[in-house]
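Below you'll find the structure, written out as structure tokens, and then a few comments.
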Amino acid sequence: MKTFYWLVKREFWEHRGGFFWAPLISGGVFLVLNIMALITGEVLGGRGSTHFNIAGGLNLNGHLDADMLGKIGAGLDIAMYVAAGLVLMIMAIIVFFYCLGSLYDDRRDRSILFWKSLPISNRDTVLSKVVSATIVAPAIACLFGTCAGLLLLLIAAFTASLHGLNMWQLLMNSHPLMVAINLITLIPLYAIWALPTVGWLMFCSAWTRSKPFLWALLAPLAAGVIVSWFGLMGLFNLGSGWFWKNIVSRMLLSLIPGGWIRDTTPIDNEPHDPSVLLDHIGLAHNYAALASPDLWIGAVAGIALITTAIWFRRWRDDS
Amino acid sequence: MSAVITATGLSKRYKNSVALDNVSFQIPAGRIVGLIGPNGAGKTTALKAILGLTDFSGQLNVLGLDPRKQRDKLMEQVCFIADVAVLPRWLRVSEAVDFVANVHPRFDRAKCEAFLARTKLTPSMRVRQMSKGMIVQLHLALVMAIDARLLILDEPTLGLDILYRKQFYQNLLEDYFDENKTIIVTTHQVEEVEHILTDLMFIRDGKIVLDSDMDAIGERFIEVMVNGDRAEAARALKPLDERQVFGKSIFLFDGVERSTLEAMGEVRRPSVSDLFVATMKGTYA
């Protein structure tokens, strides 16, 4: 257990830039852009040239009924999710490349010989990388994403207060704590959902002698094209769309946060009520994805690929 | 005296070459063995087999364990330095010490820090900022602080200047080696290790062509410097090798009576490099 902790720590040391600084900086950039937009809105609105307002054209005169307040609160919650989602998207891209390099880079620069000179099993090494990709990186990204969301919330509320709204009343109607807890409790679901992509990328990383990126990308895409072509020829009953959706995209795109939503039953969309949209992001709705076989079949495939990657890590001999 | 390594009928075949061809040998504890051979002779393959880094056929027993099946356990007792520059470039000195201290049960942190204090390395330094010599110093400090029974060095001083090379072997001898430890070293810089070796193994085309301790080598191989007029008589004794220096001929003999040779001229012990060159004659032809 102690060894495993230090293995994960090693991954963090090596990828501090991607795991720590990238989400921090992307959260910061997002905030700065928002502040710039708000200031632009204030300045343009102040000049009275147009009735331009970031807060969505609300006529803010200090009197809002409870229903309206609820909607604003939900809107603020969604703003928080957007902030966190953006940071998580950046994280997903970083983790994609992290997985591709995880079992390849140290073979290329031969530092694998140093790691293999220590009494560490290949299983633990590979699993520590899986945990880093599916738990550690998302957790850090959630943390910074939530912080960015909270700051955005404060800034938005402050801006609203300049227009005569009660800042605290707005804040009391949003649910920052719930948003944070939601995000964090979604990490296990994310980990399970991401397994096929993580497994496929790490398999390529452990198996290939060179150019893991090319293999990882080209193999599923080429398979998809071939299936589509045969589909065109009418040889398969399953549509090629099925293949793209369930094989290719699960192999390459499962790191995208919230990808499982497509497997949950859609809620009737009422675009003008943010609280309905909020239900989409709610825990119960997300975890309904656990009921879909797609999630579990993908996870099993991911575990199989990771097991193969461990085998290759042990026996690949190209130093 | 129990054997640290016992190999019986070790073979390893790559696609179009034989790296190890039915090799058998035994290495007892408390020895420093030089595994010397030309490029591509199978040295590294032999070491990789011992370390469980490659598959092979035949029997191999290292410290009572099978490197293929019990590698994780074996590595608690075995250390190796493969080449310069295998430490990851992002690693800091402090991280390296922290990591090894926490994953290796036989690592002595105080010892490692004492070794590091004798170098110019600072805790916040990254490998990518170090010279080759400093990287080896760090690696050696880590390895010497591990109380292992077998240390394997594969070209450990490749690309280092002579100061670092001398210091490397001196450190090993003074601060590390004792009768419970065994060191196997491969290198092309034979002159620098020949004084510290207790045993010598020559490997050529996947076969062990010489396996002997240094004392026996001194008895078996003799070099004689002979004046030109007696050269014919010396040639009649079938020397391994002959070369000319200052008008005299130097002959290298294998297993010829010492007294016979002393009668011909000045007798001395051949250097390992001369012995190597004579043994490997025609390797690349």
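The values are calculated or read from the model by the stated rules, or taken from the named source; none is laboratory data. Quick caveat: nothing in here was measured; it's all calculated off a predicted structure. Note: ideal-geometry Cβ built from the backbone for every residue, glycine included; neighbour counts use all protein chains shown. Calculation scope for accessible area: heavy atoms of the full protein, side chains included, ligands and nucleic acids excluded. Shrake-Rupley method; radii C 1.70, N 1.55, O 1.52, S 1.80 Å.
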So B:Leu197 ticks every box in (1) closer than 27 Å to B:Gly40 by Cβ; (2) part of a helix (DSSP H, G or I) but one. Which box is left unticked? (2)
Across region B:243-269, what is the number of residues that are in a helix (DSSP H, G or I) and open to solvent by 30 Å² or more (accessible area, probe 1.4 Å)? 4
Screening B:Asp83, B:Asp108 for residues that are of a type in the set (D, E, K, R), over 22 Å from the mean Cα position of the chain (by Cα) and either open to solvent by 40 Å² or more (accessible area, probe 1.4 Å) or at the interface with chain A (Cβ under 8 Å from one of its Cβ atoms) (or both) leaves only B:Asp108
Pull up region B:155-184, narrow it to residues that are polar (S, T, N, Q) and part of a helix (DSSP H, G or I), then point me to the one that is most open to solvent (accessible area, probe 1.4 Å). B:Gln170
What do you reckon, is A:Asp77 among the acidic types (Asp, Glu), more than 27 Å from B:Pro105 (Cα to Cα) and in contact (Cβ under 8 Å) with a residue 24 or more places away in the chain? yes
Which one of these does B:Thr54 not meet: (1) β-branched (Val, Ile, Thr); (2) at the interface with chain A (Cβ under 10 Å from one of its Cβ atoms); (3) outside any loop (DSSP other than H, G, I, E, B)? (3)
Flagged pairs (Cβ under 8 angstrom, 6 or more apart or on separate chains; first in region A:291-319, within 14 Å of another protein chain (Cβ to nearest Cβ) and at negative phi; second basic (Lys, Arg) and open to solvent by 50 Å² or more (accessible area, probe 1.4 Å)) are A:Ile310/A:Arg123; A:Asp318/A:Arg209; A:Ser319/A:Arg110
Can you find a residue in region A:201-209 that is of a type in the set (Gly, Ala, Ser), out of contact with any Ser or Thr (no Cβ under 7 Å at 6 or more places or on another chain) and assigned to a helix (DSSP H, G or I)? yes
Among the residues of region B:57-80, what is the count of those that are open to solvent by less than 20 Å² (accessible area, probe 1.4 Å) and either farther than 26 Å from B:Leu116 by Cα or away from chain A (no Cβ under 12 Å) (or both)? 5
Exactly one of B:Val97, B:Val23 is at pLDDT 90 or above and part of a helix (DSSP H, G or I), and that residue is B:Val97
Given the criteria more than 22 Å from B:Ala46 (Cα to Cα), modelled with pLDDT of 85 or more, outside any helix (DSSP H, G or I) and not acidic (Asp, Glu), does B:Ile222 qualify? yes
Output for Cβ contacts, cut-off 8 Å, separation at least six or different chains, first residue in contact (Cβ under 8 Å) with a residue 12 or more places away in the chain in region B:116-138, second small (Gly, Ala, Ser) and assigned to a loop (DSSP other than H, G, I, E, B), reads B:Lys132/B:Ala85; B:Lys132/B:Gly159; B:Ile135/B:Ala85
Unique residue being open to solvent by less than 50 Å² (accessible area, probe 1.4 Å) and under 24 Å from A:Asp105 (Cα atoms) when the list is A:Ser161, A:Ser132: A:Ser132
